[in-house]
Ligand SMILES: Cc1cc2nc3c(=O)[nH]c(=O)nc-3n(C[C@H](O)[C@H](O)[C@H](O)COP(=O)(O)OP(=O)(O)OC[C@H]3O[C@@H](n4cnc5c(N)ncnc54)[C@H](O)[C@@H]3O)c2cc1C
């Protein structure tokens, strides 16, 4: 059987995969978006509360990146998926006196306009998006292959062979916390699990809030009740207590599915705590939990996203053995896997970062425009070599 060939294959139909597919579609129709689940946004992208809110703090490279991404991505959603972004603003409330002092020290570094509200700072430009419908809209004209678990990718005769069934001239991996296709030690992703709940209440909330958790603006149902979302928890997995890599994308983990996964799952305690924290923010009457969702955030070791071509560490070290002794080699000379790209490590801000990063990556692929050093895999490779040298 001959393998079908595409210009681009993208593996992973979360917000990272859907945004890069959308960007590349401007240049070719020959794109296939693959996911092992039954639909888009079934990993972290389905669990996310999907708030777009500024990062507060003193100026640094990460904050600058988030600020640029937030401005870009908000406009991107308004332009491309306007029905699914609710630009209702977010009130950020300090947790305690110490947090209040921290907030006060951030005032001179605020990148966005704010006003005082409900004991916190109201950012009018912040929003919340409907992640599932955004992903769905972005890929509406793109060919998809769901229920397709990719277990092998091989580069042969200048093309990528996916499960020996489909061929891509260029391959893009947007697999989130599931990194089993990337056999590189420097590509170190930590899964940080989180839970979010959707509740029905008789209380009406007009803006998003963030204090110890986030509460979204409510949407009116019939019968004078409202639906809103409360999230999220953070569970860092400690070594020796890890979920198998393949378990990281169990779709919308239900209690039944949780029994199949080793450690972290939807927890009744988390649900209780989220409700308690939400009630500390605003009055919420007659709460009924109608959905509980969990997913794994893919976090890099330095919290920056990972975008660009993957470095072939074995080949690079063979070519430059003195790298391990500390001799400097220019990044441009590192050996890259041909036509293989990633967007990963978007952590707890995937909805803020993905559209911006997808734009950067597409311009890199199509126009050869340089990527910011702080987001390429180069830094991770260099860090790994340095660590290996010390040990
Ligand atoms: C509880 C929670 C709350 C969050 N809240 C926010 C928020 O308020 N704002 C915000 O910006 N971000 C938030 N995030 C983070 C955000 O959800 C993520 O950063 C983002 O969704 C990551 O998108 P992704 O496309 O990179 O990964 P994912 O959405 O995880 O997508 C990866 C996809 O790859 C597929 N896949 C993996 N391996 C394979 C394979 N071998 N073959 C085929 N398919 C494969 C998976 O099935 C999955 O669909 C939250 C996350 C969680 C868990």
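Restricting to region 163-180, name every residue that is more than 27 Å from residue 352 (Cα to Cα) and touching a strand residue (DSSP E or B) at 6+ places or on another chain (Cβ under 6 Å). Matches in region 163-180: 166, 167, 168, 169.
Within region 39-49, the set of residues being under 22 Å from residue 361 (Cα atoms) and either more than 6 Å from the ligand (Cβ to nearest atom) or part of a helix (DSSP H, G or I) (or both) comprises 40, 41, 44, 45. Of all residues in region 50-66, exactly one satisfies the criterion of being within 6 Å of the ligand (Cβ to nearest atom) and either in a helix (DSSP H, G or I) or farther than 23 Å from residue 179 by Cα (or both), namely 51. The requirement of being within 15 Å of the ligand (Cβ to nearest atom) and free of Cβ contacts under 8 Å to residues at least 24 places away in the same chain is not satisfied by residue 36. One residue alone among 383, 379, 349, 389 is under 18 Å from the mean Cα position of the chain (by Cα), in contact (Cβ under 8 Å) with a residue 12 or more places away in the chain, farther than 17 Å from residue 183 by Cβ and part of a helix (DSSP H, G or I), and that residue is 349. Report whether or not residue 175 is within 24 Å of residue 51 (Cβ to Cβ) and assigned by TED's automatic domain parsing to the domain that holds residue 31. Yes.
Does residue 78 count as outside the structural domain of residue 367 (by TED's automatic domain parsing) and away from the ligand (no atom under 15 Å from the Cβ)? Yes: the conditions hold for residue 78.
Screening region 81-90 for residues that are touching a residue at least 60 places away in the same chain (Cβ under 8 Å) and away from the ligand (no atom under 13 Å from the Cβ) and picking the one that is farthest from residue 105 (Cα to Cα) gives 88. Screening 327, 376 for residues that are away from the ligand (no atom under 15 Å from the Cβ) and buried (at least 22 other Cβ atoms within 10 Å of the Cβ) leaves exactly one candidate, 376. Within region 192-223, the set of residues being away from the ligand (no atom under 13 Å from the Cβ), farther than 16 Å from residue 274 by Cα and either in contact (Cβ under 8 Å) with a residue 60 or more places away in the chain or out of contact with any strand residue (DSSP E or B) (no Cβ under 9 Å at 6 or more places or on another chain) (or both) comprises 202, 203, 205, 206, 207, 222, 223. Going residue by residue through region 9-19, is there one that turns out to be within 15 Å of the ligand (Cβ to nearest atom), surrounded by fewer than 22 Cβ atoms within 10 Å (Cβ to Cβ) and in contact (Cβ under 8 Å) with a residue 24 or more places away in the chain? No, there is no match, as no residue in region 9-19 is within 15 Å of the ligand (Cβ to nearest atom), surrounded by fewer than 22 Cβ atoms within 10 Å (Cβ to Cβ) and in contact (Cβ under 8 Å) with a residue 24 or more places away in the chain. Where strands (runs of 3 or more DSSP E) sit wholly within region 69-143, none has at least 2 residues that are more than 22 Å from the chain's Cα centre (by Cα) and closer than 23 Å to residue 37 by Cβ. Before we move on, is residue 93 away from the ligand (no atom under 14 Å from the Cβ), modelled with pLDDT of 95 or more and surrounded by 14 or more Cβ atoms within 10 Å (Cβ to Cβ)? Answer is yes for this residue.
The values are calculated or read from the model by the stated rules, or taken from the named source; none is laboratory data. In this text, all values refer to a predicted model and were calculated from it rather than measured experimentally. Counting neighbours? That spans all protein chains shown, and the Cβs are built from the backbone with ideal geometry, glycine included.
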